[in-house]
Amino acid sequence: MNKKALNILKIGIPLLLGVFLVWYSLSKVSIQGLMVYIKKADYTWIVLGMFLGLLSHLSRAYRWLFQLEPMGCKVRFGNSVMAVFATYLINYTIPRAGEVARASILTNYEGVPFDKGFGTIVAERIADLIVMLGIIAVTLFLQFDFIYGFLIEKFNPIKIIVAFFGSLVVVLIFFMHMKISQSKIASKLKGFVNGIIEGATSIFKMKKKWAFIFHTLFIWSMYLFMFYITSFSIPELEGISMGAVLIGFISASFSIAATNGGIGSYPLAVFAAFSIFGIAEEPSIAFGWIMWASQTLMIIIFGGLSLMYLPIYNRKRNSLR
């Protein structure tokens with residue numbers, strides 16, 4: 001398969017999957033039924049959720065400065081903010097293209113070498129992954145009895161144990177083979193794993209590491225509170241348990257990687273998580289759509305303004321020098 005065809009597939013498959021999932025979610029709740037929930041929703045909570053999302057993005061832009069500073073890159077906060085919003089907007093069109101654009105923006109307007117800028121983005125994604133794994137671990141600890149009971153009820157416990165240990169053995173054998181192998185694939189894999197470790201440990205070597213860690217925890221706290229606060233907008237979700245919120249948040253977070261910006265997959269991921277707790281189908285999917293649409297609207301507005309204002313902002317700054 002040539003490179004052009006591969007690129008078409010990379011772009012086309014997530015888009016087609018998103019269109020299918022939009023159709024599938026709307027087959028569960030009609031557009032008329034969805035509009036009923038949207039009309040009666042309490043927009044005070046939706047706007048507050050959008051504000052928390054905005055704070056998380058601003059914090060991400062500020063956190064980025066801590067990574068760039070040790071490399072001698074003095075980046076203006078305005079450019080960092082607009083690069084972050086542009087990233088999210090571009091990712092709605094071509095998966096992961098936003099990260100490349102984000103590094104390119106700093107190269108064009110701040111003179112930051114592309115490889116250095118992109119390297120910091122990879123490192124921050126590693127930090128985000130660590131926090132996400134921490135949230136999953138806390139959720140498993142707090143909801144262990146419930147999750148264990150659910151799995152026992154739905155699946156044969158012996159099969160679960162066999163599958164778990166079988167998967168563990170396969171993974172161990174695979175990594176042991178990769179460790180001693182001299183093949184090109186093994187070398188690339190080892191380089192990738194070493195890069196992840198190096199990127200993760202570099203966080204603790206930076207000058208303002210505690211500020212970086214604080215902003216990382218703040219970003220994810222805002223994500224979680226944003227999800228929880230927005231649930232108040234749907235009366236049918238009143239009294240939702242924290243367990244449902246945590247598992248719904250985790251499920252929804254992973255859905256964003258499935259399609260461009262989580263289109264179509266986000267509401268279904270929320271519904272799949274909430275259904276475990278016996279929450280009705282229609283309000284679950286309606287909440288997923290409201291949550292996704294409100295955050296997407298914010299990204300479209302601020303991302304679009306950022307792309308338009310970036311050249312103007314930097315032309316003005318350059319003219320004052």
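Quick look at the numbers
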read-out	value
Of residues in region 62-83 being touching a Ser or Thr at 6+ places or on another chain (Cβ under 8 Å) and surrounded by 21 or more Cβ atoms within 10 Å (Cβ to Cβ), the one nearest to Ile213 (Cα to Cα)	Arg63
Selection within region 29-77 - among the aliphatic types (A, V, I, L, M), farther than 30 Å from Leu217 by Cβ and assigned to a helix (DSSP H, G or I)	Ile31, Leu34, Met35, Val36, Ile38
Some residue of region 292-309 being farther than 20 Å from Gly98 by Cβ and either within 14 Å of the chain's Cα centre (by Cα) or not small (Gly, Ala, Ser) (or both)	no
Region 241-268: number of residues that are under 11 Å from Tyr228 (Cα atoms) and among the aromatic types (Phe, Trp, Tyr)	1
Sole exception among (1) more than 26 Å from Phe214 (Cα to Cα); (2) surrounded by 22 or more Cβ atoms within 10 Å (Cβ to Cβ) for Ala86, by number	(1)
Residue list for region 233-249, restricted to those being buried (at least 18 other Cβ atoms within 10 Å of the Cβ) and either β-branched (Val, Ile, Thr) or more than 11 Å from the chain's Cα centre (by Cα) (or both)	Ser233, Ile234, Leu237, Ile240, Ala244, Val245, Leu246, Ile247, Gly248
Hits in region 111-121 (condition: surrounded by 16 or more Cβ atoms within 10 Å (Cβ to Cβ) and either assigned to a loop (DSSP other than H, G, I, E, B) or modelled with pLDDT under 85 (or both))	Val112, Lys116, Gly117, Phe118, Gly119, Thr120
Extreme residue, modelled with the lowest pLDDT, among residues of region 171-190 that are assigned to a helix (DSSP H, G or I) and loosely packed, with under 10 Cβ neighbours inside 10 Å	Ile185
Candidate set: region 250-280, residues that are free of Cβ contacts under 8 Å to residues at least 60 places away in the same chain and of a type in the set (Val, Ile, Thr); chosen: the one surrounded by the fewest Cβ atoms within 10 Å (Cβ to Cβ)	Ile256
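The values are calculated or read from the model by the stated rules, or taken from the named source; none is laboratory data. In this text the structure is predicted, and so the values were computed from the model without any measurement. In this analysis, Cβ positions are derived from the backbone assuming ideal geometry, glycine residues included, and neighbour counts consider all displayed protein chains.
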